1. Residue by residue through the range 199-220, note down the ones that are without any contact (Cβ under 8 Å) to a residue 12 or more places away in the chain and either under 18 Å from residue 231 (Cβ atoms) or not in a helix (DSSP H, G or I) (or both).
2. Which ones in the range 330-347 are modelled with pLDDT under 65 and either among the β-branched types (Val, Ile, Thr) or out of contact with any helix residue (DSSP H, G or I) (no Cβ under 7 Å at 6 or more places or on another chain) (or both)?
3. Looking at this structure, is residue 396 in a helix (DSSP H, G or I), modelled with pLDDT of 90 or more and not basic (Lys, Arg)?
4. Counting just the residues of the range 264-287 that are touching an Asp or Glu at 6+ places or on another chain (Cβ under 9 Å), part of a helix (DSSP H, G or I) and not small (Gly, Ala, Ser), which one comes out surrounded by the fewest Cβ atoms within 10 Å (Cβ to Cβ)?
5. When you scan the range 228-257, how many residues do you find that are in contact with an Asp or Glu (Cβ under 6 Å, 6 or more places away or on another chain) and without any contact (Cβ under 8 Å) to a residue 60 or more places away in the chain?
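The values are calculated or read from the model by the stated rules, or taken from the named source; none is laboratory data. Everything quoted here is computed from the prediction, not taken from an experiment. Here the Cβ positions follow ideal geometry from the backbone for every residue, glycine too, while neighbour counts run over all protein chains shown.
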Amino acid sequence: MTDNLAKQHTVSACLLGGTLLIAGCAWFPESTQRAVMNALPEIGQTISEAQQRLPATDRWPDPAWWDIFNNPQLQTLIEASLESNPDLKATAARLSQAQSMVDAQAAELYPTVHANITFNAQRFSANSVQVKFAGENFRHMLINPLILRYHLDFWGRDKAALQAAVGRAVAVENELADAKLLLSATVAQGYFDLSESAEKLKLIQQIVRHKEALLKLEQTRLELGLVERSAPLTTGIELNAAREIEAAFRAKVDLQRHLLAALAGRGPDWGQSIAADPSLFPKRLNLPADLPLSLLAHRPDIAAARLHAEAAAEEIKVAETAFYPDVNLIAFTGLHSVSMTDVMLQGASLAYAVGPSIEFPIFEGGRLRANLTYQEATYDAAVERYNASLLHAVQEVADALTRWQEIEDRLAKHQHSLEAAQSNESLAQTLNRAGLNNRSDLLEARIQVLDQRYHLATLENERFKTAVQLFKALGGGYTENDKL
């Protein structure tokens with residue numbers, strides 16, 4: 001009779017469990033259409049046309065792409081920034097956090113074992129039911145030196161959560177690489193601005209000296225009645241304007257040194273020692289002979305966006321498993337007694353248990369469905385951010401190539417203007433030596449040459465900064481690390 005009753009209870013429990021399992025699966029929401037990661041936008045024709053118009057080289061910049069500019073001061077600045085920049089250190093700390101989260105999530109795949117000691121002393125009411133069995137004063141002691149809990153990951157929740165944590169950590173690693181690339185590019189462009197300002201300061205100082213000499217000459221000629229009064233006045237106005245520009249560039253050089261010092265994690269005094277020597281820069285920069293489009297997909301920011309989207313997909317799986325029964329294996333062994341002396345001395349105090357614990361989601365007030373919807377929306381947003389990153393990357397490459405072509409064309413045309421000004425200066429000097437013109441003509445010719453060199457400094461700075469933009473747009477030679 002007892003065996004039949006036990007069998008009936010077992011069958012009833014199985015039927016109830018199966019019914020709840022089926023019911024739980026029936027409550028699972030219908031799947032909706034998810035966002036899709038786009039392929040790399042077409043840019044092959046743009047690159048091909050640029051390579052046909054611009055000189056190319058087989059050299060491709062490695063992660064230390066700034067070496068191509070052949071400037072020890074620039075190399076020192078970038079290395080100091082990568083070592084000491086506070087924002088970069090903060091990003092590195094985020095990577096340590098993400099790696100710790102991976103370790104914490106990986107621990108969910110293993111059983112947990114802990115111990116427990118409990119002592120209770122309680123007085124029951126004299127009118128309570130417990131008094132009939134345990135008396136008014138009741139003491140209970142539990143010593144469980146071994147309590148085991150193991151989550152049976154039937155639906156892949158723990159594995160999906162671990163994959164999501166790994167993806168987030170690798171994404172942060174890529175974000176750190178992107179931060180390094182952005183910092184090095186910012187330092188390089190800041191140094192080029194400093195070099196341009198320092199060069200222009202030298203040129204404007206020479207222009208000021210020539211303007212001063214020209215003003216003295218005009219004043220002398222005015223005293224001799226050889227020119228109108230307007231001549232020295234006009235020269236004086238031009239001299240004051242040149243002096244204003246000189247003062248502006250003095251301040252600009254200091255401000256740019258302060259900026260570079262801050263990027264390097266140092267104070268303004270450290271920046272005063274930064275030397276700007278544009279003479280070391282290469283006279284010409286060439287495009288890489290091969291611009292592999294596959295590098296765009298491995299740009300650190302794009303790789304990070306893709307990894308965040310993939311991690312969000314794993315988190316959808318975690319949210320989906322919440323609709324299924326959760327199964328844990330629980331076991332304990334220990335000593336239980338109502339007597340503090342008996343608990344350690346009598347074998348009858350030994351207690352143990354082992355068995356599964358199954359939880360069924362029946363009614364959650366819409367919490368599980370809302371969480372799943374949230375994770376799906378998070379995934380869609382991550383995918384669209386990835387798609388936007390791809391479009392932005394392709395645009396950056398195309399813009400840099402167009403800008404490079406423009407700068408090369410302008411430099412070629414400006415070189416003709418500079419050569420013409422230099423020829424005019426040589427002619428004025430020859431005529432002056434022969435006594436066929438006055439000294440003011442020679443000074444004006446020299447000022448024209450300085451003006452052309454002044455504009456040349458602007459174009460050369462734009463060329464170097466455009467090269468940095470292209471190297472950055474192509475990832476700066478970055479190679480993605482898929483493993484944490």
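1. 216, 220
2. 338, 339, 340, 341, 343, 344, 345, 346, 347, listed by residue number.
3. So residue 396 does not fit the description; no.
4. Looking at residues that are touching an Asp or Glu at 6+ places or on another chain (Cβ under 9 Å), part of a helix (DSSP H, G or I) and not small (Gly, Ala, Ser), I get 268.
5. 3
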